[in-house]
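These notes concern the structure reproduced below.
The values are calculated or read from the model by the stated rules, or taken from the named source; none is laboratory data. Since we're looking at a predicted model, the values are computed, not measured. With ideal geometry, Cβ positions are generated from the backbone for all residues, glycine too; neighbour counts draw on all protein chains shown. Just so you know, the surface numbers come from the protein's heavy atoms only, side chains and all, with ligands and any DNA or RNA stripped out. Shrake-Rupley method; radii C 1.70, N 1.55, O 1.52, S 1.80 Å.
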Amino acid sequence: MLLELKKIYKKFKINRKQSFTALNNISLKFDKGEFVSVVGPSGCGKSTLLNIIAGLDMPTSGDLIISGVSSRKFKNKNWDLYRKNNIGFIFQNFNLIEHLTALENVEMVMNLIGLGIVERRKRALELLKLVGLSKHINHRPSELSGGQKQRVAIARALANDPDIILADEPTGALDTKTGKQIMDLLASVAKDKLIIMVTHNNQLALEYSSRIIRLKDGVIESDENIKEAVINKNKSTLKKKNKSMSFFESFKLSLRNMSKKKGRIAITTLAGCIGIAGFALIMGLGNGANIYIDKQLNKFANANVLKVGKNIKIKNEDGLSYTAMSNNKKDYQKIFNMKEIMTSRPFIDLSNAKIKIGNEQVEITPHSLGDKGSLDFLIENLDGELPKADEILVNQATARKILQVMEIESKNNSEAIGKKILIEIDAVKDNFEKVKYHKEFTVSGIVNEIDFDMKNIYFNYEGLSDSLKKVSLTNGTLYDYLTNQRGFEVTLKNVSNNKRVADEINKEKNGGVGSLMSLLNSGNTSKEGFLAYSVPVIFKTMFQQLISIAQMVISIFIIVALVVSSIMTSIVLYSSVVERKTEIGIIKAVGGRNKDVLRVFESEAMLMGTFSGILGVIVAFALKYPIEYLLANYFGFKLPGIVTIPISQVPFTNLTFPFATIIVLILFSSVIAAIAGYLPSKKATKMQVIDALRDE
Ligand code: ADP
Ligand code: MG
């Protein structure tokens with residue numbers, strides 16, 4: 001016995017108290033080879049019976065015995081397998097997938113039983129030939145007549161070589177003549193299977209079936225064999241595997257479906273694309289601006305010099321503690337050992353120095369210059385020579401000032417080279433007596449720093465400290481006074497590392513005082529620990545803060561765009577779930593699991609996300625040029641490369657590999673879409689096959 005129904009009851013809950021008995025104590029036995037018609041008035045329970053036999057609906061009580069095995073303990077997985085391997089469905093309204101061709105409709109279900117692509121194609125072609133549609137394999141359902149559609153449906157029902165064909169009013173939507181043709185076909189192609197057909201049509205039932213079961217109000221009214229059936233025990237010869245729908249297949253299904261609603265997809269994709277493009281652009285802005293400012297600020301003559309101090313608490317004789325900068329070399333050993341650092345030396349503080357040009361005193365900031373070996377980066381920004389012992393380097397602003405004070409009319413600041421200026425240093429002797437020390441310097445060259453109109457001069461460290469050493473004051477030396485205070489100066493191997501190294505030293509976990517920015521903002525200078533800084537580093541820090549504020553502002557727009565696109569993805573998918581009911585039904589009817597359904601819809605969401613991502617990346621790279629053009633021509637900022645998307649950096653990390661940014665952005669976009677699409681996809685899996693394939 002192929003199939004046995006034992007005392008099947010099906011009660012539908014109407015409300016909390018009442019229920020409706022759709023099937024009332026149904027016991028039936030079916031054999032392979034039978035052609036059974038179930039007839040009865042509308043609402044008598046025919047479809048309910050069919051759904052229970054198909055394992056699409058569970059009886060309230062009773063047992064369905066399949067090839068001698070009770071299904072009482074079946075789990076969802078077993079029911080899916082049962083449908084996948086044993087059941088073929090034919091519906092009144094055909095339930096073909098509109099966006100697939102006849103061939104693809106037949107092929108689709110074979111994906112789930114694990115047939116390879118070649119075998120699938122071959123079998124689908126054979127089946128379509130069998131139902132007389134060889135010439136229509138590439139037609140879509142909309143290009144086929146009702147009879148032809150039902151032929152495709154029959155071919156599909158046979159695709160998994162099932163033992164049981166279940167047909168719910170297969171001729172209900174066809175005219176009499178076509179209906180008869182379909183019945184002929186069904187009877188011939190499925191003669192060795194068990195066919196259970198629900199029909200209104202007594203005439204057809206009498207003509208084609210071997211057995212007629214009459215139902216009335218959920219009860220069997222009669223059950224009679226009207227023809228001899230050729231009962232057989234043939235086993236299906238098709239080799240079936242238990243497979244899930246492949247990603248490729250679900251992507252194909254989704255792509256086809258999407259091509260039918262281009263408008264909606266385009267708008268959703270656009271929203272996502274704006275988000276992704278914006279995302280890429282703020283990364284590009286951050287990166288480009290950093291490269292730009294680095295280039296500019298590293299033109300500072302001492303951009304590779306960091307001043308490093310260590311604040312320590314000191315108690316004076318009264319027991320009061322105060323913070324001071326250590327001048328003990330041992331305290332700094334950890335810093336001097338950093339691999340980025342080339343040399344270190346005591347810091348010469350000339351902050352109280354005054355500069356005289358001619359007779360005029362000019363406010364100028366003196367800085368020591370890095371070691372000779374570390375000044376290569378400077379040479380290309382330099383007019384003239386690096387300073388020797390009694391020479392100094394000036395920047396453009398200082399050179400301008402020198403020429404102005406000396407009343408030299410010149411278009412070219414380089415005329416300042418060779419001019420002499422006087423530095424007056426306030427010094428305190430050991431007995432706290434103030435003395436002044438004068439020294440004349442010659443301008444050896446001009447450095448082309450970024451022009452903030454900040455007047456800088458740079459002196460040669462060795463030259464100055466040598467000459468200061470020679471100055472003997474009454475008690476002690478000026479040199480001692482100058483150097484016995486305020487930390488050390490370190491020269492970096494690589495000028496571009498200046499901010500990174502300073503940040504590293506300042507980190508609290510490295511014994512630093514914390515970030516330079518928070519220190520600048522709080523004004524708290526009495527914190528203990530290392531403090532490393534330089535003018536370029538402070539500029540970089542402030543500039544980067546500006547950039548991050550700009551990035552944050554743009555981020556708000558991006559978040560809005562991404563939220564909008566997520567909502568739209570959700571909406572598009574919800575409507576998709578409604579539109580693709582047939583697909584859901586068919587996938588489930590042929591034993592597809594929730595996983596398969598989820599995959600179909602998630603693949604649609606991910607496709608949209610991927611489109612957005614790809615488009616967003618293209619747009620971002622394309623926008624780089626108009627943005628720079630706009631900045632230059634309408635805002636007057638000539639900032640080439642201010643938007644430079646880092647191609648191989650994983651966003652927000654230091655990881656790099658080729659095309660990382662592009663790949664990560666596209667992945668990010670499709671992951672967001674997958675998240676946005678999760679709920680609608682989940683809803684699709686919850687849809688009952690019966691509802692999905694209802695005759696409406
Ligand atoms: P038929 O296919 O014979 O026309 P059905 O099997 O579809 O009838 O339905 C049998 C009876 O069960 C009908 O009265 C119908 O209203 C009822 N019914 C079917 N499905 C449900 C359901 N999900 N909830 C409540 N009643 C249902
Ligand atoms: Mg029905």
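Quick notes on this structure:
- One residue stands out among those in the stretch 54-64 that are free of Cβ contacts under 8 Å to residues at least 60 places away in the same chain and outside any loop (DSSP other than H, G, I, E, B): the one that is nearest to ligand 2 (Cβ to nearest atom), which is G62.
- Within the stretch 1-39, tally of residues that are of a type outside the set (A, V, I, L, M), closer than 28 Å to L186 by Cα and within 14 Å of ligand 1 (Cβ to nearest atom): 1
- Any hit, the stretch 241-259, residues being in contact with a helix residue (DSSP H, G or I) (Cβ under 9 Å, 6 or more places away or on another chain), over 30 Å from A674 (Cα atoms) and crowded, with 19+ Cβ neighbours inside 10 Å: no
- Leading residue by the ranking (nearest to the chain's Cα centre (by Cα)) among those in the stretch 172-203 that are within 16 Å of ligand 1 (Cβ to nearest atom) and outside any helix (DSSP H, G or I): A173
- Helices (runs of 4 or more DSSP H) wholly inside the stretch 590-696 that include at least 3 residues being farther than 20 Å from S565 by Cβ and either of a type in the set (D, E, K, R) or within 24 Å of the chain's Cα centre (by Cα) (or both): 594-634
- Which numbered condition S67 misses (of (1) of a type outside the set (K, R); (2) farther than 20 Å from L204 by Cα; (3) crowded, with 16+ Cβ neighbours inside 10 Å; (4) away from ligand 2 (no atom under 16 Å from the Cβ)): (3)
- The residue that is nearest to ligand 2 (Cβ to nearest atom), among those in the stretch 70-84 that are in a loop (DSSP other than H, G, I, E, B) and open to solvent by 20 Å² or more (accessible area, probe 1.4 Å), is F74.
- Of everything in the stretch 634-662 that is touching a helix residue (DSSP H, G or I) at 6+ places or on another chain (Cβ under 7 Å) and aliphatic (A, V, I, L, M), the residue that is farthest from G278 (Cα to Cα) is L639.
- Exactly one residue out of V664, V643, V617, V650 is touching a Lys or Arg at 6+ places or on another chain (Cβ under 9 Å) and either open to solvent by less than 50 Å² (accessible area, probe 1.4 Å) or outside the structural domain of V578 (by TED's automatic domain parsing) (or both): that is V643.
- Criterion applied to T685, T653 was being among the polar types (S, T, N, Q) and without any contact (Cβ under 8 Å) to a residue 40 or more places away in the chain, and the one residue passing it is T653.
- Evaluated against (1) at pLDDT 90 or above; (2) open to solvent by 40 Å² or more (accessible area, probe 1.4 Å), K388 falls short on exactly one condition, (1).
- Restricting attention to the stretch 5-53, the residues that are within 15 Å of ligand 2 (Cβ to nearest atom), open to solvent by less than 60 Å² (accessible area, probe 1.4 Å) and of a type in the set (A, V, I, L, M, F, W, C) total 9.
- Candidates in the stretch 172-200 are the residues that are open to solvent by 10 Å² or more (accessible area, probe 1.4 Å) and in contact (Cβ under 8 Å) with a residue 60 or more places away in the chain; of these, the one that is farthest from ligand 2 (Cβ to nearest atom) is D192.
- Residue among L128, L206 that is within 26 Å of S42 (Cβ to Cβ) and more than 16 Å from ligand 1 (Cβ to nearest atom): L206
- Some residue of the stretch 147-161 being in contact (Cβ under 8 Å) with a residue 12 or more places away in the chain, over 22 Å from L2 (Cβ atoms), of a type in the set (D, E, K, R) and part of a loop (DSSP other than H, G, I, E, B): no
- For the stretch 300-333, the set of residues classified as of a type in the set (D, E, K, R) and surrounded by 19 or more Cβ atoms within 10 Å (Cβ to Cβ) consists of K307, K310, listed by residue number.
- Close contacts from the stretch 451-469, counting a first residue that is in contact (Cβ under 8 Å) with a residue 40 or more places away in the chain and within 14 Å of F347 (Cβ to Cβ) and a second that is among the β-branched types (V, I, T) and open to solvent by 10 Å² or more (accessible area, probe 1.4 Å), with Cβ to Cβ under 8 Å and a gap of 6+ residues or different chains, come to S465/T483; L468/T477.
- Scanning the stretch 211-230 for residues that are touching a strand residue (DSSP E or B) at 6+ places or on another chain (Cβ under 9 Å), open to solvent by 10 Å² or more (accessible area, probe 1.4 Å) and either closer than 23 Å to S67 by Cα or outside the structural domain of G88 (by TED's automatic domain parsing) (or both) gives R211, I220, D223, E224, N225, A229.
- Only one entry in A159, A167, A187 is over 19 Å from V38 (Cα atoms) and of a type in the set (A, V, I, L, M), namely A159.
- Qualifying positions in the stretch 40-55 - within 11 Å of ligand 1 (Cβ to nearest atom) and of a type in the set (G, A, S): G40, S42, G43, G45, S47
- In summary, Q148 fulfils each of the numbered conditions (1) under 50 Å from the mean Cα position of the chain (by Cα); (2) open to solvent by 40 Å² or more (accessible area, probe 1.4 Å); (3) within 16 Å of ligand 2 (Cβ to nearest atom) with the single exception of condition (3).
Results for (1) at pLDDT 85 or above; (2) outside the structural domain of M454 (by TED's automatic domain parsing); (3) open to solvent by 30 Å² or more (accessible area, probe 1.4 Å); (4) on the phi < 0 side of the Ramachandran plot, shown as yes or no for each residue.
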{"site": "K507", "(1), (2), (3), (4)": "yes, no, yes, yes"}
{"site": "G512", "(1), (2), (3), (4)": "yes, no, no, yes"}
{"site": "S518", "(1), (2), (3), (4)": "no, no, yes, yes"}
{"site": "N521", "(1), (2), (3), (4)": "no, no, yes, yes"}
{"site": "N524", "(1), (2), (3), (4)": "no, no, yes, yes"}
{"site": "G529", "(1), (2), (3), (4)": "yes, no, no, no"}
{"site": "M552", "(1), (2), (3), (4)": "yes, yes, yes, yes"}
{"site": "I556", "(1), (2), (3), (4)": "yes, yes, yes, yes"}
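- Selection status of N311, closer than 30 Å to P387 by Cα, at pLDDT 80 or above and not acidic (D, E): no
- Scope the stretch 203-235; condition away from ligand 2 (no atom under 16 Å from the Cβ), within 20 Å of Q92 (Cβ to Cβ) and not aliphatic (A, V, I, L, M); matching residues: Q203, E207, Y208, S209
- Scoring Y629 on the criteria (1) under 30 Å from D168 (Cβ atoms); (2) open to solvent by 90 Å² or more (accessible area, probe 1.4 Å) leaves a single failure, condition (1).
- So I90, is it open to solvent by less than 10 Å² (accessible area, probe 1.4 Å), within 16 Å of ligand 2 (Cβ to nearest atom) and part of a helix (DSSP H, G or I): no
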